[in-house]
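In what follows, a structure is listed as structure tokens, so that the remarks can point back to it.
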Amino acid sequence: MTLAPTLRSPYDSMMTPPTILLVEDDGALRTLTARALRQSGFNVLTAATGAEMWVTLKETPVQLIVLDIMLPGTSGFDLFRKLRRESDVPIIFVSARGSEEDRVLGLELGADDYLAKPFSTRELAARVSAVLRRGGGSETGMDTGADGRATDVIRFDGWQVSLARRELRSSSGAIVDLTGAEFDLLSTFLGYPQRVLGRERLMELSRSRIGDSSDRSIDVLVSRLRRKLQAEGGEPPIITVRGVGYMFKAEVTRD
């Protein structure tokens, strides 16, 4: 089975609200959360188990999945791994397991966000909107050139980044898959090249809201991004400034 949901911004059209799939085994919480998301303007489908999730995804393309970790039969982490082999649809974890270890595991797997229970339905709706904006390319913080037009393409060390398409290409032209949080982090580094940025400042600038803004959370994000930038060989452009934060050392040019 191949899943190929079409990602779109929640603000593209008032007539076509984004479709969210909520996977939650607690019936009362599922009903409450789905109602709140619908009131926030989303089209919401629901599933109580992993099996129901697969049936729904086979029948209907969705723009984002809100996935509970503690599900009957299989864990949300296992479902996430299988989803990532077949689709790049954004995924937000929700779980009563709010420990730092669980949040970091979600980060390392590549989740777009992680929200611990109990949570505010308003906060969940806000996070869904933020992830969809990142996926749809809205509010990417594109700079403008001297003529006032948007600066879309950024280059460094043979790499090419398109802010409009939220796309990273290696020197060989291959597209490198990045999660929403990874792309936001890279965009932030590119906006402040050869400047030292502290961890809290990085989280603030990149608008990444996975788990919390702990040092370990941002360290995991940086580590993931480094590995992907190092896959082509050579030294990654992100260096650690001990006791302070990180710096993007490469020279950056903009088209």
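The values are calculated or read from the model by the stated rules, or taken from the named source; none is laboratory data. None of these values were measured; they are calculated from a predicted model. Cβ coordinates were reconstructed from backbone atoms using ideal geometry, including for glycine residues, and neighbour counts include every protein chain displayed.
For the range 207-235, the set of residues classified as surrounded by 17 or more Cβ atoms within 10 Å (Cβ to Cβ), at pLDDT below 65 and not in a loop (DSSP other than H, G, I, E, B) consists of 210 only.
You will find that of 67, 79, 83, the residue that is more than 13 Å from residue 20 (Cβ to Cβ), free of Cβ contacts under 8 Å to residues at least 60 places away in the same chain, buried (at least 18 other Cβ atoms within 10 Å of the Cβ) and not charged (D, E, K, R) is 79 and no other. The residues in the range 35-50 that are within 16 Å of residue 70 (Cβ to Cβ) and part of a helix (DSSP H, G or I) can be counted, and the count is 1.
Report whether or not residue 81 is basic (Lys, Arg), assigned to a helix (DSSP H, G or I), in the same structural domain as residue 114 (by TED's automatic domain parsing) and within 18 Å of residue 126 (Cα to Cα).
Working: basic (Lys, Arg): yes; assigned to a helix (DSSP H, G or I): yes; in the same structural domain as residue 114 (by TED's automatic domain parsing): yes; within 18 Å of residue 126 (Cα to Cα): no.
No; evaluated as a whole, the condition is false for this residue.
In this entry, residue 76 is excluded by the filter for residues that are more than 25 Å from residue 129 (Cβ to Cβ) and either at pLDDT 85 or above or not assigned by TED's automatic domain parsing to the domain that holds residue 179 (or both). Looking at 66, 89, just one residue is in contact with a helix residue (DSSP H, G or I) (Cβ under 9 Å, 6 or more places away or on another chain) and within 19 Å of residue 38 (Cα to Cα), and that residue is 66. Only a single item in (1) over 12 Å from residue 125 (Cα atoms); (2) free of Cβ contacts under 8 Å to residues at least 60 places away in the same chain is not met by residue 38, and it is number (1). Here the range 175-206 is the region considered, the condition is being at pLDDT 85 or above, assigned to a loop (DSSP other than H, G, I, E, B) and within 13 Å of the chain's Cα centre (by Cα), and the residue that is surrounded by the most Cβ atoms within 10 Å (Cβ to Cβ) is 178. Being under 17 Å from residue 24 (Cα atoms) and either at pLDDT below 80 or surrounded by fewer than 22 Cβ atoms within 10 Å (Cβ to Cβ) (or both) is a property that residue 98 has. For the range 136-154, state whether one or more residues are out of contact with any Leu (no Cβ under 7 Å at 6 or more places or on another chain), of a type outside the set (A, V, I, L, M) and modelled with pLDDT of 80 or more. The answer is no, given that none of the residues of the range 136-154 is out of contact with any Leu (no Cβ under 7 Å at 6 or more places or on another chain), of a type outside the set (A, V, I, L, M) and modelled with pLDDT of 80 or more. Here is the figure for the range 13-35: residues that are farther than 21 Å from residue 122 by Cβ and small (Gly, Ala, Ser) total 2.
Just one of 130, 111 is assigned to a loop (DSSP other than H, G, I, E, B), modelled with pLDDT of 75 or more and crowded, with 16+ Cβ neighbours inside 10 Å; which is it? First the steps, then the outcome.
Working: 130 fails: assigned to a loop (DSSP other than H, G, I, E, B).
After ruling out the rest, the residue left standing is 111.
Residues of the range 51-78 that are in a helix (DSSP H, G or I), among the charged types (D, E, K, R) and within 20 Å of residue 117 (Cα to Cα): 78 alone. Residue check: residue 52 meets all listed conditions (1) crowded, with 21+ Cβ neighbours inside 10 Å; (2) charged (D, E, K, R); (3) over 25 Å from residue 219 (Cβ atoms) but one, namely (1).
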